[in-house]
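Where a number appears in this text, it was derived from the coordinates with a stated rule and is not lab data. Since we're looking at a predicted model, the values are computed, not measured. Heads up, the Cβs are rebuilt from the backbone with ideal geometry, glycines too, and the neighbour counts pull from every protein chain shown.
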Amino acid sequence: MSWLPGAIKACYFLAALLFILGLKRMSSPRSARGGIVWAGVGMALAVAATFALPGLAHRGLILVALLLGTGAAWWSGRRVAMTAMPQMVALYNGMGGGAAAAIGAAELVAFSGAAVTLLGGGRFTADGVAPGAMQLALAVLGALIGAVSFSGSLVAFAKLQGWLDRRFVFPGQRVVNLLVLALAVALGVLLVAGTLAPGVIAGFFALALLFGLMMTLPIGGADMPVVISLYNAFTGLAVAFEGFVLGNEAMIIAGTVVGAAGTLLTQLMARAMNRSLGNVLFGSFGTATGAAQTIGGAQKPIEANDAAVMMAYAERVVIVPGYGMAVAQAQHKVWEFARLLIERGVKVKFAIHPVAGRMPGHMNVLLAEAGVPYDLIADMDEINAEFPSTDVALVIGANDVVNPLAKTDPASPIYGMPILDVAAAKNVIVVKRGKGTGFAGIENALFYADNARMLYGDGQAVAAELVAALKGIDA
Amino acid sequence: MLDGFLALYVFMLAAFTGYEIIARVPVILHTPLMSGSNFIHGIVLVGAMIALGHAQTPLEIGIGFVGVLLGAGNAAGGYVVTERMLEMFKSSRPGGPEQRR
């Protein structure tokens, strides 16, 4: 079977190609659906090829673990609600990081055994030579990054899931974190230098996991998407490094591509929130000093009937949904309302802020779930020019992303964040549960603007009232 | 293991590929794309299979087993979640006459 190794290599090559083409297709809404299928075929191919690898032991165990892991993840992935998508991505990403760390651990343990029992028997290498310093360094580096991604992602998951609702902050935290990282790196260097004692290996992994935990705990829920994206890139990198050690080209290419793509995606997300990555990781949100501007005026309420009439006879209506709408499960009713408006000849668009929802693009997913076609959805740059010619802007469940203070008040913690320029519309209707402040606890000047009217109530109930009122107009 | 410099070239080219693919992506696809790239690093499963397949001591077997379990979770979960998100994206243009006024 001399053709077998070549055939397996060819499968890995095809898998790498399919991953890249799949990712490419995923970057356009028209072909995105096909993209994931292509990548999925690549994955199936790579896994099947690995099974055929000559000299592979424990095939039964591998199959058991494979089926268990696949089954559990498939089951949970099918059942999770669209609003909970970001934390599921964090969870699966953490698993990948954990797997990369496990590969590193298995290698290091094997190397340590090999050093004692069979001299020069690097059992993981295809060519059967002892592990070189480079190989050890990559194994250690991949294990470190993977372990940090693993524990960090689990914390991110727990936070978004609401299991950990407080930020964990103490004085001197940064110094302690840095110390933990320095210790982990020191043990890593020791490992690379050839001190493959079990205690050193265990200590190294414990410290790496601890660092991921401590690095993520102080970060607030609003910043979590950026952190998840960063850990996604981390896992990619860890996979690439372990791929180098195993000499597996598919892992090297897929891991590196994800590492680079994830890094860029992280930057794009951070930029959309007007924060630098360093600020997210080491700064603390909401602790900006300086007196916040006090806002004069009063919030002016409006009834659902009046609001519906106002929009029914408008020419252009822009709906600005926020995460609050998704929490209230109002997106289906809102889309029904929008459809009724469209039937009356009103031009309706949905405007989405880059960080609406829990993750950039999350709101698009939630609207898509309700059946809103993506060509009715406009992003910030596109829609901001249209607000002056918009008759009614309906803000539902969004707060900070439409707050004009981001442009006018340098003391505000969100100062400088690009916002949807809703206040420029002729009329603004804000659907809001009560008079309180938003997710970030910041007062919103929009609610006090002369052209703004407040429609109080639960998102879903209000949307239902609007639908009923609209139907009542012609009846 | 790949020859040192060849490995470095592969690393560099793959990094550029990843960067270029994402560079022109609309915001609406950020979440699915993150999820999709999350699926792709599920290839770690292959490495975990190799690690378990070459394990010799009970400890190595245990670590390898956990690795395959986690890797399979990454790959399967990433696929399901991404697929679910992407299947919802549709345009109003084909077969959406009510929007054509």
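For this structure, a couple of remarks:
- Distance violations [Cα-Cα > 29 Å] among A:LYS300/A:LYS349; A:LYS347/A:LYS432; A:LYS432/A:LYS471; A:LYS24/A:LYS159; A:LYS349/A:LYS407: A:LYS24/A:LYS159
- Taking amide H positions as modeled 1.01 Å from N, with prolines and chain starts lacking one, the residues under 5 Å from A:ALA378 and 5 or more places away or on another chain are A:PHE350, A:ALA351, A:ILE352.
- Karplus-derived 3J(HN,Hα) values for the stretch A:76-86, using 6.51 cos²θ - 1.76 cosθ + 1.60 with θ = phi - 60°, are 5, x, 5, 8, 5, 6, 4, 5, 8, 4, x Hz; glycine and proline are entered as x.
- Seen against the Cα atoms of chain B and their longest principal axis, helix B:58-86 is set at about 10 degrees.
- Using θ = phi - 60° and Karplus 6.51 cos²θ - 1.76 cosθ + 1.60, couplings along the stretch A:136-146 (whole Hz; Gly, Pro as x): 4, 4, 5, 4, 5, 5, x, 5, 4, 5, x
- Overall form of the stretch A:212-356 per C-alpha gyration tensor (a/c, 1.5; a/b vs b/c): oblate
- Cα shape, the stretch B:31-90, gyration tensor, a/c 1.5 rule: prolate
- Full-stretch length increase - A:LEU67, A:SER276 - with 0.36 nm per residue and alpha-carbon distance subtracted: 71.2 nm
- Only helices enter this figure: runs of n ≥ 4 DSSP H residues, each worth -39500 (n - 2.57), summed and divided by the residues of chain A, yield -19500 deg cm²/dmol at 222 nm to the nearest 500.
- For the pair A:ALA7 and B:PHE5, a Förster radius of 35 Å applied to the C-beta separation gives a FRET efficiency near 0.80, rounded to the nearest 0.05.
- Shape class of chain A from the alpha-carbon gyration tensor: prolate, with a/c at 1.5 or above and a/b greater than b/c.
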